[in-house]
Amino acid sequence: MKIDKNTLGSMLAAELNQEDSGEFIQMIAPEEEDGTKVSDLPEELPILAVRNTVLFPGVLIPITVGRQKSIKVVKQAHKGDKIIGVLAQENPLIDDPKTKDLFQVGTVAKIVKMLVLPDGNTTIIVQGKRRFEVSEFTSETPFFKAKVNYLEENFPQRQNKEVKALVQSIRDTANRIMKLNPEIPKEAQVALDNIEKPSFLVHFLSSNINAEPKDKQGLLEINDGIERATKLLQFMMKEIQMLELKHEIQNKVHSDIDQQQRDYFLRQQMKVLQTELGDGGPEQEVEALRRKAQDKNWPDKVAAHFNKELDKILRMNQMAAEYPIAMNYAELMVDLPWGEYSEDNLDLKRAKKILEDDHYGLEKVKDRILEYLAVLKLKNDLKGPILCLYGPPGVGKTSLGRSIAKALDRQYVRMSLGGVHDEAEIRGHRKTYIGAMPGKVIQNIKKSNSSNPVFVLDEIDKVNANLRGDPSSALLEVLDPEQNSEFTDNYLEVEYDLSKVLFVATANSLDTIQPALRDRMEIIEVSGYTIEEKIEIAKRHLIPKQKKEHGLKARDLTFDKKSIQFIVEGYTRESGVRSLERVIGSVVRKVAKHIALEEEYPKKLTIEFIEKALGGQRFDKEIYNDNKSAGVVTGLAWTAVGGEILFIESSLSRGKGKLTLSGQLGDVMKESAMAAISYLKSNADHYGIDYRVFDKYDLHMHVPAGAVPKDGPSAGITMLTALTSLFTQRKVKSKLAMTGEITLKGNVLPVGGIKEKILAARRAGIKEIILSARNEKDINEIDAQYIKGLTFHFVEKANEVIEIALTSQKVDNPVKFIVEE
């Protein structure tokens, strides 16, 4: 029972919170039901919604109201007949309840007194009159109104022996509770003794028992008086049992206990109460885990290990430090999706369309995914491949993983490996450590609720090793198709099958990936986009996306191919399209500003508008220029932002055979220059060069621009051609470019980045290109539209390069070599 010490005599105090909160009102003693007739009560009542409070007939309680609806209904009723209906909320946490949030049975009450408190809240004293049931709500604004049916009280007027015994049991139980609970004031006993009418006794005690509001509401809704009294007696007996247990626990504990013993006593008290009420205890938690485990499709040895762990939990003290660790471990095991697989969508045409819609280009990756789907469709069982998408930033490697998941109808999870230097991030911690948790692989599998998600391992080349271990080595088991069916996480301790997971790793560089780890993955190169591909990506994806993000409609702005190419070449220099998207966003924002200000602007973008919006071009491209000087040759280079042409310049001056290389050349390019000079010296007679000039003239080779570092095995034949042209004073063929490495024996070796180099040559106006014969296969892989109008010369020897590149015609004003005997 909850009767506060501050009440006077037989007064009732209600424990209030939130709306029904405030100070206890010490004013009025409970009065018995006054037998109000139904005919004296209105058919439609204004309704006051309360929370954590249930009003019974005859009982007098204070209610503090703070919500606007409640204040309006109270003030209007107080001005009139002072009659309101009181309904409890089903969920007391709802601040603005609707009709569906209220119980249907309540009590009609009369406002005895209304007080306006200094804090702005209004407190009313109400006395319950009669129970009612809502037939329909007629209004919700400005407050609730409802038509009601009044319920009759059917407590027997003439009491037989059984009814008398029931009423006496209730009185005796109430007296017993007052003796066991020292918090109840003695004046409450006097109030209880003064209540003679059995029905009001039941209502008074129902209002004051220590029970949840929903239980009190249940008592209010019982129509049979004997049944209500019996249910009340059950609640009161439970309260006696709780109080007796509390006294029993208190008697077992010495009065002079220190702080540690006091904490233990409180925990033991809570444990006993939870056990008696059925609200907790390790047994119930373990039983709930066992029920979950019945639906798990896990191996027998895992099931045996799990049951062993549960048995261990039952033997633990609930207050032991190991208990929450063991419970967390058991919960992880039942939360993991053991053998739960999402069904793959094997419609290859649909998958191909999704990949084409999401990504332009990237044909190798798309073909590999479709091959995987095709085999999976035919075999219906296939281990997940380990793909590694390798390429520069911004080319769509990570987003490609999401598209793969979409095409397969699988769950998608992503794990960023950038900067990971603790192998426990991969394999988890031992359970013996404080704060132990599973590795991110198992955590993400749990998050996906599927044992076969598409799992993206982002930035795998940026994994770092230090004193905490080598995460790259920890990934070896994860990414080995022959081992990952039995992957063991240090925390999980049992094997978990990762063989059906489709792992997609991304990397910007292969050099920093551990060789053993790289061997386990299928490397798929995602090269940088060409200018042509960037234009298509901008048209299909970037421009519509930026228009949508900035609130523009399709008709508000159009980009043509020429304007997109101008932006790509003049304002971006990258392999991917991130910077391109930002620049397009800048242009779209300028247009959005013009639209918002209702200013004129070209709906079809012009070069002038772009330059005004973005400023002058940030980057210049090299354009082929015919020259009449000896020793200048056009080469082709691959950069992180695509292909470019470059010029190898060379000059001679009287000296002692000194060699100077400039233009920030790397070691590889310097070695290419040395190899070209050595080859030319050894074959000077073949090209009609006096061998003595090499000792009488200083040679200077330069590669503009000097501020840009350059390196790579692609300039060997270009340097040889420049040197041969210089020493023979023969013209280089017009609109010709070349790429390839040279050996001392004059062999021409193949090089990489052919597609990017060819497109750069085409944009620069080159018509003929010299390549190694072994690069012919790379040309065959390039779309025919990109090589239209180009002539290719495939060579194997250096002398073939010279024959093709140099004309027999001497340059204007050739140098006359002076060789003194």
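The numbers here are math on the coordinates, done by the rules we state, and not lab data. Just so we're clear, the structure is a prediction, and the values are computed from it rather than from any experiment. Cβ placement follows ideal geometry from the backbone for every residue including glycine, while neighbour counts extend to all protein chains displayed.
If the chain between Asn747 and Val163 were fully stretched, how many nm would it gain, using 0.36 nm times the residue separation less the Cα-Cα distance?
Taking 0.36 nm per residue and subtracting the Cα distance, the gain is 198.6 nm.
Which value in nm describes the separation of the simple spin-label points at Asp335 and Gln68, placed 7 Å from the Cα toward the beta carbon?
About 4.2 nm separates the two model spin labels.
Restricting to Cα pairs below 8 Å that are 6+ residues apart, what does the relative contact order work out to for the range 342-403? Please round to a whole percent.
The normalised contact order for the range 342-403 reaches 39 percent.
What FRET efficiency comes out for Lys797 versus Ser509 if R0 is 41 angstrom and r is the Cβ-Cβ distance? Round to the nearest 0.05.
0.75
Give the separation of the Cα centroids, the range 125-153 to the range 677-751, in Å.
The range 125-153 and the range 677-751 have Cα centres separated by 102 Å.
So, R0 is 51 Å and r is the distance between the beta-carbons of Asn210 and Lys301; what FRET efficiency does that work out to, to 0.05?
According to the calculation, E is roughly 0.55.
Can you give the angle from 0 to 90° between the axis of helix 667-682 and the longest principal axis of the chain, with both taken from C-alpha atoms, to the nearest 10?
So the inclination is approximately 20 degrees.
Quick check on the exposure proxy: order Leu310, Leu55, Leu699, Leu744 from fewest to most C-beta atoms within 10 angstrom.
In order of increasing Cβ crowding within 10 Å: Leu744, Leu310, Leu699, Leu55.
Quote to one decimal, in nm, the extra length available between Asp101 and Asp40 on full extension: 0.36 nm per residue of separation minus the C-alpha distance between them.
Additional length available on full extension: 19.1 nm.
Calculate one ³J(HN,Hα) per residue across the range 477-489 by plugging θ = phi - 60° into the Karplus curve 6.51 cos²θ - 1.76 cosθ + 1.60, and present them in order as whole Hz with x for glycine and proline.
6, 4, 9, 9, x, 8, 10, 6, 6, 10, 5, 10, 8
For the range 531-614, just list the percent of Cα-Cα distances falling in each 5 Å bin from zero outward, please.
3, 15, 31, 28, 16, 6, 2, 0
Can you match Cα extents along the principal axes in Å to one of these, (i) 126, 68, 57; (ii) 146, 70, 56; (iii) 95, 62, 51, based on a calculation from the structure here?
Read-out taken from this structure: (ii).
Report the paramagnetic label zone for Gln269: residues of the range 175-206 whose backbone N is under 14 Å from a point 7 Å from Cα along the Cα-to-Cβ axis.
Within reach of a label on Gln269: 181-183.
For the range 359-366, in order, what is each residue's ³J(HN,Hα) by Karplus, 6.51 cos²θ - 1.76 cosθ + 1.60 with θ = phi - 60°, in whole Hz (x at glycine and Pro)?
9, 9, x, 6, 5, 4, 5, 4
Would you calculate the separation in nanometres between label points at Phe694 and Lys628, each defined as 7 Å from the Cα along the Cα-to-beta-carbon direction?
For Phe694 paired with Lys628, the spin-label model returns 3.2 nm.
Which angle from 0 to 90°, rounded to the nearest 10, does the C-alpha axis of helix 225-252 make with the longest principal axis of the chain?
Roughly 70 degrees, rounded to the nearest 10.
With the dipole of the chain worked out from charges on the C-beta (+1 for Lys and Arg, -1 for Asp and Glu) around the Cα centre, which of Leu289, Val454, Gly635 lies farthest toward the positive end?
Gly635
Rounded to whole Å and sorted largest first, list the principal axis extents of the Cα atoms in the range 632-810.
Its Cα atoms span 50, 34, 27 Å along the three principal axes.
Amide H of Thr639 versus every other amide H placed in the peptide plane: which residues, excluding those fewer than 5 positions away on the same chain, fall under 5 Å?
When sequence neighbours closer than 5 places are left aside, the close amide H contacts are Glu644.
Using only Cα atoms, find the angle between the long axis of helix 282-293 and the longest principal axis of the chain, and express it within 0 to 90 degrees, rounded to the nearest 10.
Helix 282-293 sits at roughly 50 degrees to that axis.
By DSSP, what percent of the beta bridges with both residues in the chain are antiparallel, rounded to the nearest 5?
Taking every DSSP beta bridge with both residues in the chain, the antiparallel ones total about 60 percent.
Taking 8 Å as the Cα distance limit and 6 or more residues as the minimum spacing, I'd like the relative contact order of the range 348-525 as a percentage.
30 percent
With the cut-off at 1.5 for a/c, could you classify the range 325-474 from its C-alpha gyration tensor as rounded, prolate or oblate?
oblate
Please state, rounded to one decimal and in Å, the Kirkwood hydrodynamic radius that the range 282-335 gives when every pair of distinct Cα atoms enters the mean of 1/r.
Evaluated on the range 282-335, it is 11.2 Å.
Counting other Cβ atoms within 10 Å of each Cβ, which trypsin sites (Lys or Arg not before Pro) in the range 127-205 have at most 12 and sit in a DSSP loop?
Arg158, Lys186
Let me spell out the model: positive unit charges on the Cβ of Lys and Arg, negative unit charges on the Cβ of Asp and Glu, origin at the Cα centre of the chain. What dipole size does that give, in debye rounded to 20?
Here the chain has a charge dipole of around 2320 debye.
Hey, which lysines would be in cross-link range of Lys810, C-alpha to C-alpha under 18 Å, not counting anything within fewer than 8 residues on its own chain?
In chain and number order, the partners are Lys628, Lys731, Lys733, Lys735.
Sequence-distant or interchain residues sharing an amide H contact under 5 Å with Lys797, placed H: which?
Val748
At 0.36 nm per residue, and after removing the present C-alpha to C-alpha distance, how many nm does the segment from Asn251 to His421 gain when stretched out fully?
55.6 nm
Would you please give the residues with an amide H less than 5 Å from that of Thr107, counting only those at least 5 places away or on a separate chain, with H modeled from the backbone geometry?
Residues meeting the criterion, in which the H sits 1.01 Å from N, are Val86, Phe132.
Excluding residues on the same chain fewer than 8 positions from Lys79, give the lysines whose Cα lies under 18 Å from its Cα.
Lys69, Lys110, Lys113, Lys145
Just to verify a number: FRET efficiency for Arg582 and Leu378, C-beta to C-beta distance, R0 = 41 Å, to 0.05?
For Arg582 and Leu378, the calculated efficiency is 0.40.
Please arrange Ile607, Ile325 by how many other C-beta atoms lie within 10 Å of their C-beta, fewest to most.
Ile607, Ile325
If you filter the range 763-821 for trypsin sites (Lys or Arg not before Pro), then keep DSSP loop positions with at most 16 other Cβ within 10 Å, what is left?
For trypsin sites (Lys or Arg not before Pro) across the range 763-821 that sit outside H, G, I, E and B with at most 16 neighbouring Cβ atoms in 10 Å, the list reads Lys767, Lys788, Lys816.
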